[in-house]
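Heads up, the thing below is written out as structure tokens.
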Amino acid sequence: MRLFVGDDWAEDHHDVELMDAAGRVLARKRLPEGVAGMARLHELTGQHLGVDAEDAEVVIGIETDRGPWVTALVAAGYVVYAVNPLQASRYRERLGVSGAKSDRGDSHMLADMVRTDSHQLRAVAGDSPDAGAVKVVARTHKTLIWERTRQVQRLRYQLREYFPAALAAFGEDLDAADALELLARAPDPGRAAKLTRAQVSAALKRARRRDIPARATAIMAALRSAQLGQPPAITAAYAVTVRSLIAVITVLNEQVKALESEVEAVFGRHPDAEIYLSQPGLGPVLGPRVLGEFGDDPHRYASGKARKNYAATSPLTRASGKKKVVAARYIRNDRLTDALMAQAFTALSVSPGARALYDAERARGTEYNPALRKVANRLVGILHGCLKTRTPLCQAVVRHPPLSNH
């Protein structure tokens, strides 16, 4: 016997619908989030399975693949399909064209979807707790880096409005320790012009900069140069906001560094770490990001092509009649794509095979991003082969151009 459940989740509750194999609605309930809701779901499915519970299969469709609720569903033995919201939207249009939407209607749609189209869906991967831990710390580390970038851009915007000499002095290093220290000490043009060589040199020394005398001279010259300014009251207001942003960026720098150590430690304990580190372009930071997003369920990707499709490095073909278009995949895991493109870029300088493939594509007239994506696609195929055979990549293969296929 098979029972199908649609689970439309919200932050504090779940609207569920139970359906049998013929599409007949058996029950509808709103369950609370947490242990109480999970217990009521077990009770509800048990009532409709009856004496056949031991041999029955309960299939659940839900629009998420993470969180304690999904983890509990998998642990309880349910077959869980994480439905992509875009897929759910398209399926909803099959059931009605009015555009109406409700939580109850979505739970019905999800139950019917896993009843009729489960062969087209991907079950939630059975990743190990170690892979889950890598994913959590690697994602948080990347999120903090993105947040730091946003704060630095805000700082750059503020300085441009009232203190452009600071941008000339520190350039692209606004998040560097010396820039943050000197801007916190002198956040406005008047105080910055009064910084002494000893103060600037000391900040550069604490930041472990090279060629301190020349760099100090350049910074002081920029800070004391003539520039267009703002009235004193506005300048003072900007200086206050800049000090606040500097405090935020300083904390983010500290936490990014601390979490990076944790990422390396958690990743180092995973049994696949050696295989990932053997790949060209993957190190103790990019490696965990790729592992965390791919997961470590050995049955999740049926082939290298399936892994490439999930990674969105393989091209997407649209063909109709005489028209054929090959394009990049834009429905994708952005975190995974970001990590793989960074790996490909790094591989260009450490793997002659990657460089040869990239140069060949560029010589054919391929633009930068598509050429780099092709390198990333080949690297994903190699990674899949290594994971399938449980062997690290032979360095002889890395050095042999063009990049080997697996």
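The values are calculated or read from the model by the stated rules, or taken from the named source; none is laboratory data. Nothing here was measured: the structure is a model prediction, and the numbers come from that model. Here the Cβ positions follow ideal geometry from the backbone for every residue, glycine too, while neighbour counts run over all protein chains shown. Side chains included, ligands, DNA and RNA excluded: accessible areas come from the protein's heavy atoms. Shrake-Rupley method; radii C 1.70, N 1.55, O 1.52, S 1.80 Å.
Go through region 343-394 and give me each residue that's assigned to a loop (DSSP other than H, G, I, E, B), of a type in the set (V, I, T) and closer than 20 Å to G283 by Cβ.
Hit for region 343-394 is T391, nothing else.
Return the residues of region 43-66 that are open to solvent by 50 Å² or more (accessible area, probe 1.4 Å) and under 29 Å from the mean Cα position of the chain (by Cα); say none if nothing qualifies.
Residues satisfying the conditions are D65, R66.
Test of understanding: among A166, A138, A131, A111, which residue is in contact with a strand residue (DSSP E or B) (Cβ under 6 Å, 6 or more places away or on another chain) and in a helix (DSSP H, G or I)?
A111 is the lone residue from the list that is in contact with a strand residue (DSSP E or B) (Cβ under 6 Å, 6 or more places away or on another chain) and in a helix (DSSP H, G or I).
Inspect region 144-158 for any residue being closer than 22 Å to A226 by Cα and either open to solvent by 60 Å² or more (accessible area, probe 1.4 Å) or not in a helix (DSSP H, G or I) (or both) and give the result as yes or no.
The answer is yes; a qualifying residue exists.
Let's see how each residue does on (1) assigned to a helix (DSSP H, G or I); (2) within 26 Å of W146 (Cα to Cα); (3) at pLDDT 95 or above; (4) among the hydroxyl-bearing types (S, T, Y):
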residue: S225; (1), (2), (3), (4): no, no, no, yes
residue: V240; (1), (2), (3), (4): yes, yes, yes, no
residue: V290; (1), (2), (3), (4): yes, yes, yes, no
residue: P298; (1), (2), (3), (4): no, no, no, no
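For region 67-81, what are the residues that are open to solvent by 30 Å² or more (accessible area, probe 1.4 Å), aliphatic (A, V, I, L, M) and either assigned to a helix (DSSP H, G or I) or touching a strand residue (DSSP E or B) at 6+ places or on another chain (Cβ under 8 Å) (or both)?
Passing the criteria: A72, V74, A75, V79.
Looking at (1) out of contact with any Gly (no Cβ under 8 Å at 6 or more places or on another chain); (2) open to solvent by 40 Å² or more (accessible area, probe 1.4 Å), which one does L277 not meet, given that it meets all the others?
Every listed condition holds for L277 apart from (1).
Of everything in region 1-42, what is open to solvent by 80 Å² or more (accessible area, probe 1.4 Å) and assigned to a loop (DSSP other than H, G, I, E, B)? Give them in sequence order.
M1, E11, D12, A22, R24
Restricting region 280-323 to residues that are over 17 Å from the mean Cα position of the chain (by Cα) and hydrophobic (A, V, I, L, M, F, W, C), which is least open to solvent (accessible area, probe 1.4 Å)?
A306
Take V114 and tell me if it is surrounded by 17 or more Cβ atoms within 10 Å (Cβ to Cβ) and under 30 Å from S261 (Cα atoms).
The answer is no for V114.
For region 304-342, what are the residues that are of a type in the set (V, I, T) and either at pLDDT below 90 or not in a helix (DSSP H, G or I) (or both)?
Within region 304-342, T313, T317, V325, V326, I331 meet the criteria.
Go through region 242-273 residue by residue and tally those that are exposed (fewer than 14 other Cβ atoms within 10 Å of the Cβ) and farther than 19 Å from Q151 by Cα.
4
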